[in-house]
Amino acid sequence: MSTIYREITPLTQSDCFTLFHRTDKVFDFPLHNHDEYELNFLANTKGAKRIMGDHTALTDDLDLVLVGSNLPHGWFDPNRSCQHVREVTIQFHRTLFDEKLLQRNQLSFIRALLERSAKGILFSQETAAAIRPRLEALTQKNGFDSVLELMSILHDLSTSRNMRTLSNTAFTNEQINYNSRRIEKAFAFMHESFDKEISLADVAKLVNMSEVSFSRFIKKRTGKTFIESLNEIRLGQASRLLIDTTHTITEVAYKCGFNNISYFNRVFRSKNGCTPREFRQNYSGTRVFI
């Protein structure tokens, strides 16, 4: 399998979801994964290759998939046969719908849909055509109405006919569920102070642990080291600034706590599979945060 890049999405904890739409002249999405769920609609993609976990297939003219958390996925058009590809991508947190809420009878279909998405779900051409106007109209909505419409779309998808599960295995690398006040306190501090210098000693002291103990603790609870966790927070903020502002790459790096531009470029590329400049060019469409 090709290299799987780790996408750090620009969603913050205060966002419900982000919606991205554009028309692509060149159509390629490197193999990548991310924590968030992703509903991806593509038009004019007949003959492109889609990879979802361990499943590979050629796409039809319309392609509508729901990608679960941490499932590797990508689209490729090596022959440049797809022209003027229309894309609408919605990404939302795993925690957007509380587990207790999803246990309610009225949301049982959405719960089953999200669980099934761990292996990737392909919806029928008929469903994709029917949902397309609502997804495109959603790009013009905002606020509470948009959240209600997203829930409605997910519900209708959950009861649609002829959906297919794609991957035989989820290919996910689920991390340990960490219900810990210390971890929550540490992450809250890092989110609030990502633009400042933060050391392991600072965070360890905050949660009343030694540096060695906290280093082991955060790795065990999250699956990531302290530096990896801090960098993901900073990269998420950087991604958002690259999309939303005209700041230079150097300004973005310093505003997000990276004091070395070379290090910023190297970390960004290793996580996203492209440079910050390429990332900005790739997201030349319109992204809306809700």
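The values are calculated or read from the model by the stated rules, or taken from the named source; none is laboratory data. Given the structure is predicted, the values throughout are model-derived calculations rather than measurements. In this analysis, Cβ positions are derived from the backbone assuming ideal geometry, glycine residues included, and neighbour counts consider all displayed protein chains. We work out accessible area using only protein heavy atoms, side chains counted, and drop any ligands, DNA or RNA first. Shrake-Rupley method; radii C 1.70, N 1.55, O 1.52, S 1.80 Å.
Residue check: is Leu62 under 23 Å from Lys141 (Cβ atoms) and buried (at least 16 other Cβ atoms within 10 Å of the Cβ)? Judged against the criteria, Leu62 is a match. Are there any pairs, at least 6 apart or on different chains, whose C-beta atoms fall under 7 Å, with the first in the stretch 182-211 and more than 26 Å from Ser14 (Cβ to Cβ) and the second aliphatic (A, V, I, L, M) and crowded, with 16+ Cβ neighbours inside 10 Å, and if so, which? Once the first residue is more than 26 Å from Ser14 (Cβ to Cβ) and sits in the stretch 182-211, its partners that are aliphatic (A, V, I, L, M) and crowded, with 16+ Cβ neighbours inside 10 Å give Ser210/Ala204; Glu211/Leu200; Glu211/Ala204.
Of all the criteria given as (1) assigned to a loop (DSSP other than H, G, I, E, B); (2) open to solvent by less than 60 Å² (accessible area, probe 1.4 Å), the one not satisfied by Glu197 is (2).
For the stretch 118-134, give me each residue that is in contact with a Leu (Cβ under 8 Å, 6 or more places away or on another chain), assigned to a helix (DSSP H, G or I) and either at pLDDT 95 or above or open to solvent by 60 Å² or more (accessible area, probe 1.4 Å) (or both). Passing the criteria: Lys119, Gln125, Thr127, Ala128, Ala129, Ile131, Arg132. Of the residues making up the stretch 228-246, one or more are more than 30 Å from Leu138 (Cα to Cα) and surrounded by fewer than 17 Cβ atoms within 10 Å (Cβ to Cβ). Residues that are buried (at least 20 other Cβ atoms within 10 Å of the Cβ) and touching a residue at least 60 places away in the same chain (Cβ under 8 Å) within the stretch 21-31 comprise just one, Asp24.
For the stretch 137-156, a residue qualifies if it is in a helix (DSSP H, G or I) and within 19 Å of the chain's Cα centre (by Cα), and the qualifying residues are Leu138, Ser146, Val147, Leu150, Met151, Ile153, Leu154. Does any residue of the stretch 187-200 turn out to be modelled with pLDDT under 95, closer than 27 Å to Leu39 by Cβ and hydroxyl-bearing (Ser, Thr, Tyr)? The answer is no, given that none of the residues of the stretch 187-200 is modelled with pLDDT under 95, closer than 27 Å to Leu39 by Cβ and hydroxyl-bearing (Ser, Thr, Tyr).
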